[in-house]
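All remarks here apply to the structure that follows.
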Amino acid sequence: MFIMTSISAFGIFYSPKSTYTYRFNCNGYADVTITFTNLTNFYSIPVYIDKYTLPDTIIVADDKGNLLPFEFINETMLLVYTYNETSTVIVSYTLNNFSIRNYVYEAIITPYTQSSIVLPKEAGLIYFNGSAEVSVYDDSITLRYNEPGTYLIEYICETTQAFTTTTPSEPYTDANTNPLFNTYHLLWIITGTILVSVSIYLLSRRKRRVEAIITTTEVDERDIEILKALLEGQETISGLAKKLGISKSIVWRRVNKLADQGFIEKKTLRGKTLLNLTEKGRELIEKKEKK
């Protein structure tokens, strides 16, 4: 059954009815959505995902929001069971394959059909390979690839006009005969220097803040919300993200931190991570509520 279904579904993978959408952010993660349409008479389909996908963030559903079962074939492929009951499958997950060098974010993606990459509003595109159509909508840069492949995207966050500002056109004036000329350009130099310095400071602070998010051990209000959500019973990363209305990547990082501290217990069952509140976690909630 799997082999025949894979061969049939493989053609759909490369049809215009399937798309990958990558939404990058400035925290070193990307939210990915793969959409399949025009599926009929398929009991199951293989879904190719990016390497370094966070397994606990994967959600598979139909267009009505009904969850669909799936299993891992390997780190870059899922087998989704449609049971011939849906013509649309939506797979979403969080991708963590970014590196940061000199404040430049680098990400390698491997879509298996046409794809769109949406950069954050505060981002500036530095480099991309392949043949992509680049456009700007609502202050966000979007790249569109029509073919599958492996693509490198580089961008920088919190850019300023200091790198692109030019002086307005003025009639030529001899600097030696007009003292205002020197004053005017001196002000431009000072302003540009300040803007560049502020930009470098903000970028370095952004990098430190990203590292702090990953390494901090302090329990804050958001952590307590996650713990309280587990009072209702066992949950998954995706379930917590949906219940709390926050991104799966944020939940994933915080759950790992809380598990390391002994407040949450993690168990893996059939490729999914199940979360339970420990007695230590219950005591922490009671302690916080008494304050």
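Residue under question is Leu119, and the condition is that it be surrounded by 15 or more Cβ atoms within 10 Å (Cβ to Cβ), out of contact with any Gly (no Cβ under 9 Å at 6 or more places or on another chain) and in contact (Cβ under 8 Å) with a residue 60 or more places away in the chain; does it hold?
yes
What's the number of the condition Tyr145 fails, among (1) surrounded by fewer than 17 Cβ atoms within 10 Å (Cβ to Cβ); (2) closer than 19 Å to Asp31 by Cα?
(1)
Among Lys257, Lys272, Lys266, which is the only one that is free of Cβ contacts under 8 Å to residues at least 12 places away in the same chain and not assigned by TED's automatic domain parsing to the domain that holds Val80? If you could, list the steps in order and put the result at the bottom.
Details: Lys257 fails: free of Cβ contacts under 8 Å to residues at least 12 places away in the same chain; Lys272 fails: free of Cβ contacts under 8 Å to residues at least 12 places away in the same chain.
Unique residue meeting the criteria: Lys266.
Of all the residues that make up the range 55-107, how many are part of a loop (DSSP other than H, G, I, E, B) and in contact with a helix residue (DSSP H, G or I) (Cβ under 6 Å, 6 or more places away or on another chain)? Talk me through it step by step, then tell me what you get.
Step one: filter the range 55-107 for residues part of a loop (DSSP other than H, G, I, E, B), giving 58, 62-66, 68-69, 75-76, 82-88, 96-98, 102-103.
In the following step, the residues that additionally are in contact with a helix residue (DSSP H, G or I) (Cβ under 6 Å, 6 or more places away or on another chain) were identified as 103.
Of the residues in that region, 1 qualify.
Quick check on the range 226-271: of everything there that is of a type in the set (Asp, Glu) and either more than 20 Å from Glu289 (Cα to Cα) or at pLDDT 90 or above (or both), which residue is surrounded by the fewest Cβ atoms within 10 Å (Cβ to Cβ)?
Here the answer is Asp260.
The values are calculated or read from the model by the stated rules, or taken from the named source; none is laboratory data. Everything quoted here is computed from the prediction, not taken from an experiment. Backbone-built Cβ (ideal geometry, glycine too); neighbour counts: all protein chains shown.
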